[in-house]
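Q: Structure in C-alpha cells, see below.
The values are calculated or read from the model by the stated rules, or taken from the named source; none is laboratory data. What you see is a predicted model, and the numbers here were worked out from it, not measured in a lab. Positions of Cβ are generated from backbone atoms using ideal geometry, with glycine treated the same way; all protein chains shown enter the neighbour counts. Protein only, heavy atoms only, side chains kept; ligands, DNA and RNA dropped before computing areas. Shrake-Rupley method; radii C 1.70, N 1.55, O 1.52, S 1.80 Å.
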Amino acid sequence: AFQKPDYVLKEEGWIKVDISTTKKSTNYFGSSVHKSLTFIRAIHLKKEMNARQMYLEAWKYYRFLWDRKFPEEEKEAWLKLSDEEAFGKIFDNAEEKPFLLHAVTNTRGFHDCWFCGNKRCDNCIIDCDENVKLEDYLSKIKEDDFNFELEFFFNSVPDFVEDDKLNNYEDYKKDPNDITPEENKEEPKEITLYDCLDQFQVPEQLGEDNEWYCNKCKEHKRAFKKMEIYKAPPLLTVHLKRFKAGGSILSKGKIGAKVDFPIDDLNLTEYLLDKEVPVDYDVERLIPDYDTNFDIKNPPTPQPKKKATTTTTENGDTENAQTQGDAIVPEGNNNDDNNNQGAETNTTQQEETKQETPAYEPKLGKTTVKQFNKENDKVEYELYGVVNHFGNMGFGHYTAYAKNHLSGQWYQYDDSHVSSEQPQAVITNAAYVLFYRRKDWTFSYK
C-alpha cells in the first residue's frame, strides 16, 4: 500500500499522519524531557484502525533497529518472524514497554488538551488497545486546520538498539564481502579551522531574489560576492557557525561537528589582503592610552620638554623664561653674552638629553608592537580563550576555557566551578567562540 501514489491511498481510505521520534532524557536542570532523535516521517493509517494496528504500522518503520544487532543466538529465528510476530515478541511480553505511541497535543499550557482534557498535557499516551480506534481521536479535534500527529517514544529499549542509526541508511542484510570500492569510501576527514577559513572565502552567487544592479549593462544580475580578511587585528575573535536556521525541521538546528583549531600557531598570513600591523584601526577604544598620532614607518624624534617659568626682578617686574634642561633663557633679553651663554647651555643640555633618551617605541598603554616585515614574518596567533555551548537551539549551557597569561596554565570555568585543564583538552565539538592574540604584539601586563 505504501508504494501507491497519495491520491490512490486517499481513495482507498488511507490518511497520511506525521510521526516524530523521541526518547526519554533529562535537560540541564534535571527535568525529564522527550529528546528528538531524527526528522519527522510520514505513515499511512485508516480511520477504522484500532490502536494496536496503529502500533504495528508504526513499528514497521523502526524494526530495522532491532534487526541490525539482535543477539546472534536468536537472530536467525528473529529475522524469520513477521512484523506482527516480532512486535508481539518484544511488546506484549515486556513488563516495561520498549516504546509508546503518543498523540501530539494541541496545547502547551494555554488550553485544555482535546484528547485528555489536561491543560499541562505533554502529549497523550495511546494505549495499545484493540477497543480504541484512530477515529476516536480524530473526532475530538476542534479545528479544521489542525494536523493530527503521532510521537514514537522510545521508553526502554535494549542496549543493542542504536537509535542514532535513524539518520543513516544502511543495508544491514548485505554481505560485507559484496561491498563495492565505491561504497567502501574512507571516513570524512576531520574539519579544521583552516577548512572553515577556506569556505569563508569561497565566492557565493546571489539568489534570484537578491540580484545586484549593474550600472554598465543596466540590468539586475546574479552577481558573485566574496568575503575576505583585510587586516589582522591584535585580538582576533572567531565565531563558529554552530546554528543554522531554515523554514523546515530539516534545515535548522545545531551543527555539532568537531572543528580542530590551532592552540599556539594559527597562521593567517595567506588569508590576509594587507599583512601590516593595523595601526590605522580604531583601537583607542580597545586599548587605553593608544597613541593615535604614531606612525610606525616614520616615528617622531624625541624632544626635551620645555617648562615655562616666571621670575621677579628687584624693582618688582616679572620676566617670562623657558627652561631647556637646567638652562633658563629670559624672553626679550638682547644681551649677547646672555644669549651666547644660553645657547651654549642649551646645546650642551640637548646633547645630554639625546644620549640619555631611549629609542622611541609606540605607546599603546600596556601594550607594544614591533614593526611587521612582509618578507620574513608570518601573521600568527596564539589561543587564549574558548567559549563552549552545550545543548541545542531551544536551550543550552555555556562554559569557558581560559589561559593564565602569567603561568601559561589553562583553566575550565563552569559556573562557580574552576579546574585546571590540559591545552589539547580545550579542542572539543562544543567549542563556539575562539579568542586569539597576535604573537608579534608584546603584552607586558604592567
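Q: Among the residues of region 248-259, are any modelled with pLDDT under 85, surrounded by 14 or more Cβ atoms within 10 Å (Cβ to Cβ) and over 15 Å from the mean Cα position of the chain (by Cα)?
A: Within region 248-259 (the criterion being modelled with pLDDT under 85, surrounded by 14 or more Cβ atoms within 10 Å (Cβ to Cβ) and over 15 Å from the mean Cα position of the chain (by Cα)), the answer is no, since none of the residues qualifies.
Q: Say we look at region 77-97 and pick out the residues that are modelled with pLDDT under 90 and loosely packed, with under 10 Cβ neighbours inside 10 Å; which of these is nearest to residue 18 (Cα to Cα)?
A: The qualifying residue nearest to residue 18 (Cα to Cα) is 96.
Every residue, every condition in (1) open to solvent by 70 Å² or more (accessible area, probe 1.4 Å); (2) at pLDDT 75 or above, yes or no:
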site: 143; (1), (2): yes, yes
site: 148; (1), (2): no, yes
site: 151; (1), (2): no, yes
site: 157; (1), (2): no, yes
site: 161; (1), (2): no, yes
site: 171; (1), (2): yes, no
site: 176; (1), (2): yes, no
site: 200; (1), (2): yes, yes
site: 203; (1), (2): yes, yes
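Q: Quick one: count up the residues across region 35-51 that are closer than 20 Å to residue 12 by Cα and open to solvent by 30 Å² or more (accessible area, probe 1.4 Å).
A: 4
Q: Can you name the number of the only condition in (1) exposed (fewer than 14 other Cβ atoms within 10 Å of the Cβ); (2) charged (D, E, K, R); (3) under 16 Å from residue 439 (Cα atoms) that residue 415 fails?
A: All conditions are met except number (3).
Q: Just give me the residues in region 228-241 being surrounded by fewer than 14 Cβ atoms within 10 Å (Cβ to Cβ) and either part of a strand (DSSP E or B) or at pLDDT below 85 (or both), in sequence order.
A: Those that are surrounded by fewer than 14 Cβ atoms within 10 Å (Cβ to Cβ) and either part of a strand (DSSP E or B) or at pLDDT below 85 (or both): 228, 230, 237, 239.
Q: Shifting gears a bit: Of all the residues that make up region 126-140, how many are open to solvent by 60 Å² or more (accessible area, probe 1.4 Å) and in a loop (DSSP other than H, G, I, E, B)?
A: 5
Q: Out of all the residues in region 52-69, which are more than 11 Å from residue 86 (Cα to Cα) and either acidic (Asp, Glu) or open to solvent by less than 10 Å² (accessible area, probe 1.4 Å) (or both)?
A: Of everything in region 52-69, those that are more than 11 Å from residue 86 (Cα to Cα) and either acidic (Asp, Glu) or open to solvent by less than 10 Å² (accessible area, probe 1.4 Å) (or both) turn out to be 54, 55, 57, 58, 62, 65.
Q: Pull up region 88-125, narrow it to residues that are more than 42 Å from the chain's Cα centre (by Cα) and outside any loop (DSSP other than H, G, I, E, B), then point me to the one that is farthest from residue 49 (Cα to Cα).
A: Checked region 88-125; the qualifying residue farthest from residue 49 (Cα to Cα) is 89.
Q: Under 9 Å between Cβ atoms, at least 6 apart or on separate chains: pull out the pairs that start in region 413-429 with a residue that is within 12 Å of residue 402 (Cα to Cα) and at pLDDT below 90 and end on any residue that is open to solvent by 100 Å² or more (accessible area, probe 1.4 Å) and not hydroxyl-bearing (Ser, Thr, Tyr).
A: Here the result reads none, with nothing in region 413-429 linked to a residue that is open to solvent by 100 Å² or more (accessible area, probe 1.4 Å) and not hydroxyl-bearing (Ser, Thr, Tyr).
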